[in-house]
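After the structure tokens below, expect a handful of questions from me.
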Amino acid sequence: MIRSVISGFGHAFPKRIVTNKELEETIDTNDAWIIQRTGIKQRYVAGEGETTASLGEEAGRKALDRAGITSDDLDFIIVATTTPDNTFPATAVDIQNRLGMTHGAAFDVQAVCSGFIFALTTADTYIKSGMAKNILVIGAETMSRLMDWEDRTTCVLFGDGSGAVVLSAHQGDGTTADRGILTTHLRSDGSHKEKLYVDGGPSSTQTVGHLRMQGRDVFKHAVGMITDVIEDAFEATSMTAEDVDWFIPHQANKRIIDASAKKLNIPPEKVVINVDQTGNTSAGSIPIALSQAAESGRLEKGQMILLEAMGGGFTWGSVFLRW
Ligand code: UT7
């Protein structure tokens, strides 16, 4: 059986860091409230010349270098983003061009904060079917450009950044001892649209719009949805929380992460958290956290890594893989 193994990883941030203290100067908020309710201390904010494509390109190049391949070896580039630089063409084809790739195909996936999980699942399906050998999967966002910077209930929560992985085809035995992605689970439910959405778009307002969120309602659903798709991953692999070496969740809010880990009986020392440094980077969040954990040497070959996300739509999903 063909398995999709992560053969390279990388991440990139804009230059500018905006601290909670800095936000105190422009809106009615305070460092203590933001830390207590979310765990966030700072976020990166894109400046002039920094775009979703430029951040995605930088993360993508690092992932290709680590995998020891070039864009010549790629079959597809899949970019998860909810903040494309243009409505079209897709950010993925811009990155394809920046990487000098003129063969294969590149396209975007839109599932907001769950985007990377959806993109990774799509890439895994191509690889398992034999249609592709190497796929660059990128989560890249400039969420700062969707913010209403006068709305304290949202603008303190989000940040910009990008993470990327190269998925490569490896021959496995078809057992859970194989390296690579062992199971993926995707869900969505459009009836929750009003709880987290952008109030604009080409065919509605002909503007980009701003992110709007009923935070308390999102919070209420988050833990249940996250733990549901993780239970699905455990059932599909006949594994339990005890088999998880690293839990790398979507980084929206430390309270949601803590509550999910507690409900699943995953101890805090196995949870990768960077939301304090990055804020919620939407589709960027999981690959950034994964790349940072791998770069720091924490992830060891053969370990079980559990990824999950939940976001606008609602969309939610999990990926369970052996490093
Ligand atoms: O990927 C999924 C994306 N989204 C999420 O995961 C977000 C999920 N939700 C959350 O993380 C939390 O609901 C928030 C962090 C957004 C809010 O935390 P909360 O504990 O649910 O607070 P709340 O919305 O109930 O607001 C409590 C109070 C309110 O004041 P009153 O009505 O009690 O007087 C808010 O107006 O806090 C006020 N508030 C703020 N105060 C200072 C809201 N935003 C701020 C702020 N600074 N930035």
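In the set D199, D217, which member is touching a His at 6+ places or on another chain (Cβ under 7 Å) and either on the phi < 0 side of the Ramachandran plot or open to solvent by 20 Å² or more (accessible area, probe 1.4 Å) (or both)?
Of the residues listed, the single one that is touching a His at 6+ places or on another chain (Cβ under 7 Å) and either on the phi < 0 side of the Ramachandran plot or open to solvent by 20 Å² or more (accessible area, probe 1.4 Å) (or both) is D199.
So that you can scan it fast, the table gives a plain yes or no per residue for (1) touching a residue at least 12 places away in the same chain (Cβ under 8 Å); (2) among the small types (G, A, S); (3) buried (at least 24 other Cβ atoms within 10 Å of the Cβ):
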{"residue": "G68", "(1), (2), (3)": "yes, yes, no"}
{"residue": "T81", "(1), (2), (3)": "yes, no, yes"}
{"residue": "N86", "(1), (2), (3)": "no, no, no"}
{"residue": "A132", "(1), (2), (3)": "yes, yes, no"}
{"residue": "W149", "(1), (2), (3)": "yes, no, no"}
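Does at least one position in region 260-267 carry a residue that is open to solvent by less than 20 Å² (accessible area, probe 1.4 Å) and over 21 Å from the mean Cα position of the chain (by Cα)?
Checked against the condition, which is being open to solvent by less than 20 Å² (accessible area, probe 1.4 Å) and over 21 Å from the mean Cα position of the chain (by Cα), region 260-267 yields no hits at all.
Quick grid of which residues meet (1) closer than 30 Å to K128 by Cβ; (2) at pLDDT 95 or above; (3) open to solvent by less than 40 Å² (accessible area, probe 1.4 Å); (4) in contact with a Ser or Thr (Cβ under 6 Å, 6 or more places away or on another chain):
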| site | (1), (2), (3), (4) |
| --- | --- |
| M1 | yes, yes, no, no |
| S4 | yes, yes, yes, no |
| F9 | yes, yes, yes, yes |
| P14 | no, yes, yes, no |
| E24 | no, yes, no, no |
| W33 | no, yes, no, no |
| G39 | no, yes, yes, no |
| Q42 | no, yes, yes, yes |
| V45 | no, yes, yes, yes |
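Still on this structure, I have one more. Give A233, A289, A259, A222 a once-over and let me know the one that is part of a helix (DSSP H, G or I) and more than 16 Å from the ligand (Cβ to nearest atom).
The conditions single out A233.
Considering only helices (runs of 4 or more DSSP H) fully contained in region 15-81, which possess at least 2 residues that are hydroxyl-bearing (S, T, Y)?
The qualifying helices (runs of 4 or more DSSP H) are 52-67.
Of all residues in region 292-318, which are in a strand (DSSP E or B) and either touching a Cys at 6+ places or on another chain (Cβ under 8 Å) or assigned by TED's automatic domain parsing to the domain that holds A80 (or both)?
A309, M310, G311, T315
The values are calculated or read from the model by the stated rules, or taken from the named source; none is laboratory data. Note that this is a predicted model, so its numbers are computed, not measured. Every residue, glycine as well, gets a Cβ built from its backbone with ideal geometry; the counts of neighbours run over all protein chains shown. Each accessible area value is taken on the protein alone, full model and side chains, heavy atoms only, with ligands, DNA and RNA left out. Shrake-Rupley method; radii C 1.70, N 1.55, O 1.52, S 1.80 Å.
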